[in-house]
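The values are calculated or read from the model by the stated rules, or taken from the named source; none is laboratory data. In this text, all values refer to a predicted model and were calculated from it rather than measured experimentally. Glycine also receives a Cβ, built like all others from the backbone with ideal geometry; neighbour counts cover every protein chain displayed. The area values use the complete protein model at the heavy-atom level, side chains included, leaving out ligands, DNA and RNA. Shrake-Rupley method; radii C 1.70, N 1.55, O 1.52, S 1.80 Å.
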Amino acid sequence: MAGVLSCVVLAATGAAAAGNYVLTDLTGNIKSGDDGNFVAKTEGPTPGEPINILLMGSDTRTGNKGYGSATTIAGARSDTTILLHVSGDRSRAMAVSIPRDAKMLLPSCKAKDGTTKGGYVSRFNEAFDNGGPGCTVLAVEQMSGLSIDHYVVVDFSGFKEVVNALDGVDICLKKDVYDEDAKLNLKAGNHTVKGEQALAFVRARKNIGDGSDISRIERQQEFLSSAIRKATSLGVITNPATLLAVLNAGTKSLTTDPGLANVPALKELAVNLSGVQPSEITFATVPWQYNDDFATVSIIPSQAQELWSAIRTDTQWPPPPTNGTDGQPLTAAPADITINFQNVSGVNGAALSASEKLSEEGYQIGTLKTGKVDGPSAIFYNPEIPAQVEAARTLSYATGVAMTGSSKSKGDAIVLQVGSDFPTTFEPVAVAAAPTAAAATAKPRTADKSICAK
């Protein structure tokens, strides 16, 4: 996460194109991890190709006082895991959070002691302890059917250092929060948090939200959205001292796969991310449901596939609504539009042919009539009936036929006058409709939106 923020800032300032001196210095900060379980698909991002990077926040206690110790809390797990997909045209990104308590068949991975661990059903975050970040990558690939290009790991200390370098991150609370274990004590309202407070905000589970890991994921997404807005703000970009502090802290906190821990790869990644704005970064959580123990969850395959498919095909999710010819989103879907046809083309069967073609596009077919005179194609609708207005807007966009307000259209149906100029092909339509089951569970939101934590 720190790495992505750093690269966004690096690209936005143009420092990525200024030469290798600064990048070489920063690259020396980055630790390269090779646990024997992951092989990078490429040496670095390939121009024009989408990128999948697995971002992991490690909960290792080594060197982090106040959070237990390596002796009292064995191993390390992926406390936070986000699959970041950057589109091939570099115009948008999607960050999918994966619940740490999701039950799954863990992949068999090489452990540090040379043995093989895994091959049993348990919590997703155990994969990190079994075989390091490479094993977590294998778990995500197994879960999603996707191919992961690179990974980035940041620990507790690195997270705090990046937040401090940003001079804090703005958050909002709907009510007072006191969690002694997490060292969090904040009143309701707006705050700028740093260091321990920032870490406590994203890690707390008691007395905030519903106490679940899912609630914590939502809060982490809110925090990262605010951090991205801060990292790409004018104040950071134009302040050399702050910028260098962010880049220095970010790179020092990172462990990446060998394919990403080099100057050319970082430079390419920075350039690749330069066009992605907060409004084009979508956060979501892979669809899940509670198991009977109400402590672990299961991924809902039928819903999760909607996200995985969007990433695999490099398409925007949720799909944006189509804008009509007036520039406003269309709200009436073809399946909800009934059309009465009137043939004024002078050609027998023209209305029937048009109805058959539009039926294939999902429109509902009403009556078919033949007019007495030749005339141009037109769409008649009653401007006093909102549903007819929206239906006419959709049909006009799809066909290119002009809308004509008229009381000629009765009931729910609109009238399509089919002239000799009626088109043979149509534009596809995606409307602003109710969210799919996957979207209702995944709760997508963009990084430009400020949300107050429950």
Would you check which residues across segment 304-330 are closer than 28 Å to Thr367 by Cα and open to solvent by 70 Å² or more (accessible area, probe 1.4 Å) and list them? Thr325
Can you pull out every residue in segment 399-415 that is outside any loop (DSSP other than H, G, I, E, B), more than 33 Å from the chain's Cα centre (by Cα) and hydroxyl-bearing (Ser, Thr, Tyr)? Thr404
Can you find, within segment 142-166, the residue that is most open to solvent (accessible area, probe 1.4 Å) among those that are farther than 24 Å from Asn262 by Cα and out of contact with any helix residue (DSSP H, G or I) (no Cβ under 7 Å at 6 or more places or on another chain)? Gln142
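Every residue, every condition in (1) open to solvent by 10 Å² or more (accessible area, probe 1.4 Å); (2) modelled with pLDDT of 75 or more; (3) hydroxyl-bearing (Ser, Thr, Tyr), yes or no:
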site	(1), (2), (3)
Ala231	no, yes, no
Asn239	yes, no, no
Asn248	yes, yes, no
Leu260	no, yes, no
Pair list, Cβ under 9 Å, 6 or more apart: segment 325-353 residue free of Cβ contacts under 8 Å to residues at least 40 places away in the same chain, other residue part of a strand (DSSP E or B) and open to solvent by 40 Å² or more (accessible area, probe 1.4 Å): Ala335/Gln364; Asn348/Thr370; Leu352/Leu368
Members of segment 107-118 that are under 17 Å from Val137 (Cβ atoms) and either aliphatic (A, V, I, L, M) or open to solvent by 50 Å² or more (accessible area, probe 1.4 Å) (or both): Ser108, Lys110, Ala111, Lys112, Thr116, Lys117
Go over the candidates Ser345, Ser396 one by one and state the one that is outside any helix (DSSP H, G or I), open to solvent by less than 60 Å² (accessible area, probe 1.4 Å), closer than 15 Å to Val418 by Cα and of a type in the set (S, T, N, Q). Ser345
Limited to segment 90-131, what total is found for residues that are at pLDDT below 90 and touching an Asp or Glu at 6+ places or on another chain (Cβ under 9 Å)? 2
Does any residue of segment 133-141 turn out to be open to solvent by 30 Å² or more (accessible area, probe 1.4 Å) and at pLDDT 95 or above? yes
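The rows are residues; the columns are (1) under 25 Å from the mean Cα position of the chain (by Cα); (2) in a loop (DSSP other than H, G, I, E, B).
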residue: Glu141; (1), (2): yes, no
residue: Val152; (1), (2): yes, no
residue: Asn164; (1), (2): no, no
residue: Asp167; (1), (2): no, yes
residue: Asp181; (1), (2): no, yes
residue: Asn185; (1), (2): no, no
residue: His191; (1), (2): no, no
residue: Leu199; (1), (2): yes, no
Looking at segment 356-393 only, could you name the residues that are in a helix (DSSP H, G or I), open to solvent by less than 70 Å² (accessible area, probe 1.4 Å) and of a type outside the set (D, E, K, R)? Leu358, Ser359, Gln388, Val389, Ala391, Ala392
